[in-house]
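Colleague: Here it is, the structure, as structure tokens.
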Amino acid sequence: MISSDDRTAMRATRAEIMADNPVSIVLRRGETSLSAQSVRIVRTGTAQASVRASDNAEQAEADVLLVGDTTFDVARDDRFTHDDVLYEVTFVRVNQETGVSAEAKAVE
């Protein structure tokens with residue numbers, strides 16, 4: 001069983017990870033833009049994004065992990081732009097005691 005000291009240590013570790021390179025993002029949920037939120041964006045997988053070509057267009061695919069605190073408001077299918085790349089949230093992991101993480105994929 002996880003003790004309250006364990007939870008405190010996990011929250012502190014998450015805060016250290018986020019403080020290492022915080023980024024402010026604005027999530028778009030349908031037609032609504034949420035208020036800016038501070039997260040850490042971590043690239044996952046290989047260093048190079050894969051590129052799919054079809055009908056004279058290319059689509060880059062790069063996976064990222066968003067690391068937020070317990071107040072991070074994110075949902076599947078939310079979209080955000082970071083470094084001129086549009087991302088879409090594909091999966092959300094909620095832990096009300098330590099924080100929220102979400103996976104996102106570049107779509108443009």
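The values are calculated or read from the model by the stated rules, or taken from the named source; none is laboratory data. The structure presented is a predicted model; accordingly, all values stated were derived computationally and were not measured. Neighbour counts are summed over all protein chains in view; Cβ atoms, including those assigned to glycine, are modelled from backbone coordinates with ideal geometry.
Colleague: Restricting the search to region 1-32, which residues are without any contact (Cβ under 8 Å) to a residue 24 or more places away in the chain and aliphatic (A, V, I, L, M)?
Modeller: Of the residues in region 1-32, the ones without any contact (Cβ under 8 Å) to a residue 24 or more places away in the chain are 1-6, 8-9, 12-13, 16, 19-22, 24, 30-32.
Once the filter is applied, which keeps residues that are without any contact (Cβ under 8 Å) to a residue 24 or more places away in the chain and aliphatic (A, V, I, L, M), region 1-32 yields Met1, Ile2, Ala9, Ala12, Ala19.
Colleague: Still on this structure, please answer the following. Exactly one of these conditions fails for Thr71: (1) modelled with pLDDT of 95 or more; (2) surrounded by fewer than 17 Cβ atoms within 10 Å (Cβ to Cβ); (3) among the β-branched types (Val, Ile, Thr). Give me its number.
Modeller: (1)
Colleague: Of the residues Gln37, Gln59, which is modelled with pLDDT of 95 or more and not aromatic (Phe, Trp, Tyr)? Spell out the reasoning first.
Modeller: On the way: Gln59 fails: modelled with pLDDT of 95 or more.
One residue alone meets the criteria, Gln37.
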